[in-house]
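Notes for the one structure printed next.
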Amino acid sequence: MILDGKVALVTGAGSGIGRATSRLLAQEGARVAALDLAEPKLRTFVAEMGPGGKVLPVVVDVSDPEQVRRAVEQVVGTFGRLDVVVANAGINGVRAPISSLGPDEWDRTLAINLRGTFLTLKYTVPHLSERGGSVVVMSSINGTRTFSLAGASAYAASKAGQVALAKMAALELAKHRVRVNVVCPGAIASDIEQSTERRDVAEAAEPVAFPEGNIPLTDGRMGTAEEVARVILFLASDASNHVTGTEVFIDGAESLMGETGLTEDT
Ligand code: NAD
């Protein structure tokens, strides 16, 4: 098994990409700390994994420094080490024209998506640095390759910020043999719609859209969380031991078509 003996921490592990990643990393031999804000989702996931599932559920709000600090201490106290961190927790938040987007709405999206990623790195890096490790940051094609998701300025800004943070971290942590990479998925089927609030998005939209075939590689089928998890497994493992500071796009060429006026949340 690729991750035998390793310990991984995954945020947003109760659902979607985080859950699929936690499951795959555990199947490949890692002991996995599954962090999420939603306790019921974590409970369901742990039950699914069964006894001996090697999953430690930890309820945490990634935007709260004290909660993240305590969660990381709990994980390292339980498992004794940390090798892999997947900073995945995120929300779509409010999508609205800039003039009507509230400062609090902007702050909430940035707090969970960008500050949450910073806090996850901040408190795990000292442990990862002990023997080297791998960090995977969950960004998106939005804010990195596409800028056409109407009203998603806060989301796109948070996803762009994650890439800059990850590249700074990759250079800063190279001397500790900690690699930091970013995955940028296109449209992936998950529960993220539930964290989306739309308000007057038509006002922020440009009237351009591909009539069909937004995802060329799959004739429009959205990606799956498992397809993203397999790329994360590669980045988490020694198979990628010379790869750091880079984005990997997982989108079936969706983002290569330019500004397509996509309406899906990615
Ligand atoms: P999801 O809603 O299925 O899962 C997100 C998880 O994060 C949920 O379990 C939620 O409870 C948790 N979460 C939310 N706020 C949190 C907080 N403050 N603290 C801790 N946990 C919190 O969504 P998903 O699609 O699996 O999204 C995971 C990541 O992938 C996000 O960062 C998202 O931006 C990114 N992403 C998703 C897509 C897509 O199309 N689904 C595309 C590109 C990027």
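Read-outs throughout are calculated quantities, based only on the coordinates presented, and are distinct from any laboratory measurement. A quick note: this is a predicted structure, and the numbers were derived from the prediction, not measured. FYI the Cβ positions are ideal-geometry reconstructions off the backbone, even for glycines, and counts take in every protein chain you see.
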Which number gives the lysine pairs in the chain that have C-alpha atoms under 29 Å apart and are eight or more places apart or on different chains? 16
Which residue, chosen from Gly93, Leu121, Trp106, occupies the Cα position most advanced towards the positive end of the dipole of the range 60-132, where the dipole is computed from +1 (Lys, Arg) and -1 (Asp, Glu) charges on Cβ about the Cα centre? Leu121
Sort Asp191, Asp61 so that the residue with the fewest other Cβ atoms within 10 Å of its own Cβ comes first and the one with the most comes last. Asp191, Asp61
Extension gain, Thr44 back to Phe147 (0.36 nm per residue minus Cα-Cα distance, nm): 33.5 nm
Report Rg (one decimal) and Dmax (nearest whole number) for the chain, counting Cα atoms only, units Å. 17.8, 54
Taking Cα atoms of the range 78-186, Rg/Rh with Kirkwood Rh, to two decimals? 1.04
Report, in degrees rounded to the nearest 10, the 0 to 90 angle that the Cα long axis of helix 153-173 makes with the longest principal axis of the chain. 40 degrees
What are the residues whose amide H is under 5 Å from the amide H of Asp191, where those residues sit 5 or more places off or on another chain and H is modelled from the backbone? Gly16
Any chance you could check the Cα centroid distance between the range 58-109 and the range 136-191 for me, in angstrom? 14 Å
Which value in deg cm²/dmol, rounded to the nearest 500, describes the helix-derived mean residue ellipticity at 222 nm for the chain, given -39,500 (n - 2.57) per DSSP H run of n ≥ 4 and division by the residue count? -11500 deg cm²/dmol
